[in-house]
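To start, the structure under review is shown below, and the notes come after it.
The values are calculated or read from the model by the stated rules, or taken from the named source; none is laboratory data. Owing to the predicted nature of the structure, the values given are computational and were not obtained by experimental measurement. Neighbour counts are summed over all protein chains in view; Cβ atoms, including those assigned to glycine, are modelled from backbone coordinates with ideal geometry.
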């Protein structure tokens with residue numbers, strides 16, 4: 001039943017099983033060895049960037065995972081409309097653990113009012129900063145902060161100073177495309193989401209549960 | 001206060017604001033135009049692949065978002081130990097909406113028993129298939145299915161046949177590195193998560209809330 005590769009064609013099921021057991025044993029040994037060298041535990045600065053989907057979604061996924069570990073979490077929205085009512089609905093089920101700072105506002109494509117957008121970005125950052133520096137929070141998600149930094153509404157140096165001042169065990173997640181080099185430099189974990197295929201290209205509109 | 005680029009050095013705040021308003025107006029017009037061409041609504045086959053972090057996490061993020069829209073969701077674990085107690089804890093808060101099919105087993109690096117792994121993969125797939133073909137589910141997450149397909153524990157053609165037979169509005173999310181070309185071909189949305197920087201490289205061990 002199993003499809004065979006060039007290498008394994010002609011092998012009996014028993015041979016395939018034996019070959020597999022040997023291979024898995026080696027992989028396991030390599031993994032165990034690698035894990036054994038990892039001894040530090042520390043709070044991470046995590047950046048999800050790139051043009052693909054899943055930057056914020058993976059950030060929220062981490063928040064939900066942390067919830068299950070009893071962590072206290074702050075979530076700050078930097079771009080208006082980037083948030084889904086669905087995510088908010090679930091987050092609001094955990095009022096003891098999650099603080100949402102959405103301002104209802106933030107940067108938006110709708111206003112074309114730069115002065116207002118800068119003020120909103122600064123206000124949102126003040127809230128994020130307070131949670132990053134408050135030791136009672138275990139994790140802070142700065143959703144779409146990269147957009148604000150990219151437009152220079154907020155100096156990246158100010159964000160980096162705060163990240164350097166955070167408690168060692170605190171995790172900070174920053175999402176949005178076009179992450180600044182300076183931020184990538186100080187981050188511990190950086191992932192670039194690349195779009196390989198997108199339904200918008202074939203005329204499918206944004207829909208609930210997927211896009212928002 | 002705002003950092004200036006080469007182009008904008010020397011401009012007054014008023015000039016910057018006017019320039020910005022003009023630029024945002026153009027972006028908004030382009031976005032509105034693009035959105036207007038998108039009229040279809042359909043269930044998507046979504047693939048999160050690549051070597052980076054966030055493939056499963058973004059999948060779970062979508063599940064949590066869909067929860068907030070009242071959707072009914074099936075979640076199937078194909079690789080043992082890939083799941084976090086944290087994610088499960090949150091999912092279990094929504095028993096009316098979420099069906100978890102973890103089997104407690106599935107493919108694992110630990111056993112080195114190929115025959116058993118194949119059986120587990122097939123069992124997990126039977127459960128996923130049932131939920132994909134059951135019209136009462138709005139979304140099915142097949143977590144780490146790509147791993148199972150990659151090892152040819154399950155023929156990709158069988159998975160594709162089921163995806164083609166699903167109800168038009170149903171969303172199916174498939175995660176795991178090394179997605180097969182045939183699967184990418186039938187998918188609507190494919191994202192590759194690329195690792196730019198990873199803390200394991202600097203001796204930090206896996207830790208709760210982040211890795212598991």
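If you check B:163, B:145, B:154, B:149, which single one turns out to be closer than 25 Å to residue B:88 by Cβ and more than 12 Å from chain A (Cβ to nearest Cβ)?
Just a single option satisfies the conditions, and that option is B:145.
Could we say that residue B:188 is modelled with pLDDT of 90 or more, in contact with a strand residue (DSSP E or B) (Cβ under 8 Å, 6 or more places away or on another chain) and surrounded by fewer than 24 Cβ atoms within 10 Å (Cβ to Cβ) here?
So residue B:188 fits the description; yes.
Condition first: within 20 Å of residue B:160 (Cβ to Cβ) and either modelled with pLDDT under 90 or surrounded by fewer than 23 Cβ atoms within 10 Å (Cβ to Cβ) (or both). Can you find one or more residues in the stretch B:111-121 that meet it?
yes
If residue B:83 satisfies every condition in (1) under 18 Å from residue B:57 (Cα atoms); (2) modelled with pLDDT of 85 or more but one, which is the exception?
(2)
Restricting to the stretch B:164-179, count the residues that are touching a residue at least 24 places away in the same chain (Cβ under 8 Å) and more than 16 Å from the chain's Cα centre (by Cα).
Adding up the residues that qualify gives 5.
So which residues in the stretch A:47-75 are part of a loop (DSSP other than H, G, I, E, B) and touching a residue at least 60 places away in the same chain (Cβ under 8 Å), if there are any at all?
A:50, A:51, A:52, A:53, A:54, A:71, A:72
Residue pairs, Cβ under 9 Å, 6 or more apart or interchain, first in the stretch A:185-196 and more than 7 Å from chain B (Cβ to nearest Cβ), second surrounded by 20 or more Cβ atoms within 10 Å (Cβ to Cβ) and part of a strand (DSSP E or B). List them.
What qualifies is A:186/A:45.
Given the criteria at pLDDT 95 or above and surrounded by 15 or more Cβ atoms within 10 Å (Cβ to Cβ), does residue A:147 qualify?
When the stated conditions are applied, residue A:147 does not pass them.
Does the stretch B:14-46 hold any residues that are outside any helix (DSSP H, G or I) and either farther than 25 Å from residue B:186 by Cα or at pLDDT 75 or above (or both), and which are they?
B:42, B:43, B:44, B:45, B:46
Do we have residue A:85 as within 13 Å of chain B (Cβ to nearest Cβ), surrounded by fewer than 23 Cβ atoms within 10 Å (Cβ to Cβ) and farther than 18 Å from residue B:87 by Cα here?
yes
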